[in-house]
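The values are calculated or read from the model by the stated rules, or taken from the named source; none is laboratory data. In this text the structure is predicted, and so the values were computed from the model without any measurement. Because the Cβ atoms are built from the backbone with ideal geometry, glycine has one as well, and the counts that use them run over all protein chains shown.
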Amino acid sequence: MVSSRDFVARIEQDNEPLYRASEIQVEAFFRSGPSREAMAEHFLGRCMNEYMNLVEVAERLVKTFVELDREMVVKLAKQILDEANHYNMVAEIVERLTGRPLDVQLMIEKERSGGSAKGARCLQGIPQDDLLGLHTYQFIAEGRAVRVWQRMSEVITDELISNCYSRIAKDEKFHAAIGRQGLEALARTEKDQARVQSLVNDMRRELYIISAENCLEVPEARRLVEDAYGPLGESAA
């Protein structure tokens, strides 16, 4: 069995095809010249995802508070505040695109009736007291967000959105680092490492599909992911 540090380093290396594919897809979407309406819908989904992350991490902090050391309590609380700020920032983008105040209740109801694909749904399927699952999500999904949001900020022509997502990407780097710290502390047995690897395999495929649905599925991106993780089946888009 490898050390938890080496195990996490291997996961990080193997994430690269997903992260590169996601960069390709988000760049393709914004270079395609989406309409203002399509942009508003896109960022409405991203706004909802920030809300979902806020709620999911907050519920897990409350559920596992007595198990956590004080340092991790502070870090998770900081992530919750970050998610609240991200929610506000993206809400302002949506309001700027639509020219009207964000209808939060309508946004939530739309999600309940189907909504759009969001990374936070990977976390929703993990029990709230499962710290190993939470840290896996942080490491994989927030690590992907660092790359995607930074690439978005580089290719989008709207300066306000570019600046917003450049700032968000920096926060996501901190969130991914929480995941790394948690996994290195907890994934110390063969059983725990096997469970993390299973979660990672599922999350990579799910996050690719989410990216394809929210942006554009590009053949090059699909090839990268299938070469690394195996066939995806029917087209994700």
message = Looking only at the range 60-76, filter to residues that are in a helix (DSSP H, G or I) and of a type outside the set (A, V, I, L, M, F, W, C); which one of those is modelled with the lowest pLDDT?
response = E67
ask   = If you take the residues of the range 1-39 that are buried (at least 18 other Cβ atoms within 10 Å of the Cβ) and among the aliphatic types (A, V, I, L, M), which of them is nearest to L102 (Cα to Cα)?
value = M39
message = If I filter the range 89-118 down to residues being hydroxyl-bearing (S, T, Y) and modelled with pLDDT under 95, which single residue comes out as farthest from the chain's Cα centre (by Cα)?
response = S113
Number of positions in the range 203-237 that are touching a residue at least 60 places away in the same chain (Cβ under 8 Å) and either in contact with a helix residue (DSSP H, G or I) (Cβ under 8 Å, 6 or more places away or on another chain) or of a type in the set (F, W, Y) (or both) = 21
Single unsatisfied condition, G179 versus (1) small (G, A, S); (2) within 20 Å of E59 (Cα to Cα); (3) at pLDDT below 95 = (3)
Members of the range 34-79 found to be among the polar types (S, T, N, Q) and touching a residue at least 12 places away in the same chain (Cβ under 8 Å), listed by number = N49, N53, T64, Q79
